[in-house]
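The values are calculated or read from the model by the stated rules, or taken from the named source; none is laboratory data. Given the structure is predicted, the values throughout are model-derived calculations rather than measurements. Virtual Cβ from ideal backbone geometry, glycine too; neighbours counted across all protein chains shown.
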Amino acid sequence: MANDLSNRLILGIESSCDETSAAVVRGGTEVLSNVVASQLIHADYGGVVPELASREHLRAIVPVVREALQRAGVAYADLDAVAVTAGPGLAGALLVGITFAKSLAFGLGKPLIAVNHLEGHIHAVLMQADSLGGPFIAASCEEGGRSAPLLALVVSGGHTHLYLAARTAAGTWLYRNVGKTLDDAAGEAFDKAAKLLGLPYPGGPWMDALATHGTADTTLFPFTQIKQKATGNTAPKLARESAEALDDVRFDMSFSGIKTAVRRYVELHAMQPAIAARAAALRELGLHKARPDAANLALALPHFDAQTLNLIASFQNAVVKNLARSTFRAAEQYRARGVLVSGGVSANSHLRKIFTSVAQCDKLPIAFPTVALSTDNAAMIAAAAWPKFLAEDFAPDTLEPTPQLRLG
Ligand code: KG4
Ligand code: ZN
């Protein structure tokens, strides 16, 4: 029976923002295919335009799903369930994926599974649990959570959240939010600061690549001070673990101040004419919709002076240090037995370096997704659906998008 189950195939569908993605995952962990179509059109506007996103999803969904099946070498009839992102995300964008998934599940007579996008990001790490080892796979709690949970940072363009995550003996997962950004998501701050400096959209990967050519000035951006306070959080999903750990302390974060500091720096140092010239030059080189691979980076680099590269390195360092401080303080407070970091910004090379070194000092196991699974993709949706599939936690055929869907 167990063997039978481990062969089951879930088709995952993700359309919450500007990536249309479909993936076939076997047994919750083995990615047979993971097709991601990124919408380049938003680069013209320097940010995601919701109406355009819905239209692009409509165009892409059928060919993307077809390609995912082809690459996996399976037919529709071989699928055992269809999993789809139900939220959070853009309403129109979510609607495309959900409508497609509902129709497909109904047509095939297979169960439909609704997945929270944020839980998907966490499972982009957990799906590699076998290679991660004990702290990440052991059950944390029987009923209601008794032993140490994991601490998960989900950090992307739309979200920056800290969760306690615990696996029940039944194999399902429980979450409790213990921190979030009070303003911009960290990825949003990366993208906005990048735009201010005349970089292509999305700017996060460009900032990462360019920062390695600059030197961070740690005095430029001070640590963001957020008053940590008890909230009376009733934590309905994951119960508090012990009397000592019940102190509801939150680890909220803020990134808009760092972004505004970049704007002030630019104004103070009269950098705008150089920035406008750079943006025009990158456009002329055809880089405004490009990713910063080695060739594109070599083309772009001559258009950056040392002052700008140092500013980029300083900004990145400030964002990463703020994220690390909140994450490891929360891990200590809640006595986490391991830390996992996921979401688009977890692809950042400086973040991985700093988090890995702090985790080593704190003697905490730490895990990241592969870079391909860091940003939005459907494999993580199929992976997060797996425990629900086993528990027969299926969605009704009336499933609708929940743009503000919360986790924990
Ligand atoms: O997870 P994701 O694909 O979508 C959301 O759920 O938001 O994350 C996209 C975000 C963008 O803000 C992008 O700039 C950022 O992740 N990002 C990065 C890097 N790669 C992607 N930020 C910093 N460094 C990177 N290497
Ligand atoms: Zn995401």
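Details
- Single match in 120, 73 (criterion: within 20 Å of residue 372 (Cα to Cα) and either buried (at least 21 other Cβ atoms within 10 Å of the Cβ) or not basic (Lys, Arg) (or both)): 120
- Number of the condition not met by residue 125 [criteria: (1) within 16 Å of ligand 2 (Cβ to nearest atom); (2) out of contact with any Gly (no Cβ under 8 Å at 6 or more places or on another chain); (3) assigned to a strand (DSSP E or B)]: (3)
- Filter result for residue 164 (more than 12 Å from ligand 2 (Cβ to nearest atom) and at pLDDT below 95): no
- Extreme residue, modelled with the highest pLDDT, among residues of region 147-157 that are in contact with a Ser or Thr (Cβ under 8 Å, 6 or more places away or on another chain) and either surrounded by fewer than 24 Cβ atoms within 10 Å (Cβ to Cβ) or in a loop (DSSP other than H, G, I, E, B) (or both): 156
- Unmet criterion (only one of (1) modelled with pLDDT of 95 or more; (2) part of a helix (DSSP H, G or I); (3) charged (D, E, K, R)) for residue 110: (2)
- Residue 85 being closer than 22 Å to residue 389 by Cβ and crowded, with 22+ Cβ neighbours inside 10 Å: yes
- Failed item, numbered, when residue 394 is tested on (1) crowded, with 19+ Cβ neighbours inside 10 Å; (2) assigned to a loop (DSSP other than H, G, I, E, B): (1)
- Of all residues in region 12-21, those satisfying the criterion of being in a strand (DSSP E or B), at pLDDT 95 or above and over 20 Å from residue 128 (Cβ atoms) are 13, 20.
- The sole residue among 356, 375, 370 that is within 16 Å of ligand 2 (Cβ to nearest atom), surrounded by fewer than 23 Cβ atoms within 10 Å (Cβ to Cβ) and not basic (Lys, Arg) is 370.
- Residue selected from region 180-196 under the condition surrounded by fewer than 24 Cβ atoms within 10 Å (Cβ to Cβ) and more than 11 Å from ligand 1 (Cβ to nearest atom), by the criterion nearest to residue 312 (Cα to Cα): 196
- Residues that are part of a loop (DSSP other than H, G, I, E, B), within 16 Å of ligand 1 (Cβ to nearest atom) and closer than 17 Å to residue 385 by Cβ do not occur anywhere in region 31-48.
- Residues of region 160-183 that turn out to be touching a strand residue (DSSP E or B) at 6+ places or on another chain (Cβ under 8 Å) and in a loop (DSSP other than H, G, I, E, B), as a count: 2
- Among the candidates 288, 350, the residue that is under 20 Å from residue 192 (Cβ atoms) and modelled with pLDDT of 95 or more is uniquely 350.
- Selection status of residue 351, of a type outside the set (Val, Ile, Thr) and over 20 Å from residue 166 (Cβ atoms): yes
- Given (1) part of a helix (DSSP H, G or I); (2) farther than 24 Å from residue 191 by Cα, index of the condition residue 57 fails: (2)
- Of all the residues in region 203-221, those that are free of Cβ contacts under 8 Å to residues at least 40 places away in the same chain and not polar (S, T, N, Q) number 1.
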